[in-house]
Amino acid sequence: MVVIFWAMSGANRGWTKTSVPHTVKDPVTELDGVVYVNKFVPGVDFLGAGLLISGLIAAVSLALQRKK
């Protein structure tokens, strides 16, 4: 699920971002400017942490199985 969420959110190969630049054109001067928009974009740190936690949960569940 972590890989699917990361891929569907843009598969950002950098660090996780909470704001992204957005270029806007000033209506009066017609010059381009950069405005930062609040948006969560998960990066490889998010992916790695999610995979590590899911691996730990899987390892603990396998280690705690009842023996028949």
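Numbers at a glance
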read-out: Net charge, GLY33 excluded, C-beta distance under 15 Å - Lys, Arg +1, Asp, Glu -1; value: -2
read-out: Degrees, to the nearest 10: 44-63 long Cα axis against longest axis of the chain; value: 10
read-out: Full-stretch length increase - LEU52, VAL20 - with 0.36 nm per residue and alpha-carbon distance subtracted; value: 8.9 nm
read-out: Cα-centre dipole for region 2-63 with unit charges at Cβ (Lys and Arg positive, Asp and Glu negative), debye to 20; value: 200
read-out: Translational D in µm²/s for the chain (Stokes-Einstein at 4 °C, 1.567 mPa s, Kirkwood Rh from C-alpha pairs); value: 87
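Every read-out reported here was derived from the displayed coordinates using simple, explicitly stated rules and does not represent laboratory data. Everything numeric here is computed off the predicted structure, so don't read it as measured data. As a convention, Cβ positions derive from the backbone with ideal geometry for all residues, glycine included, and neighbour counts pool all protein chains shown.
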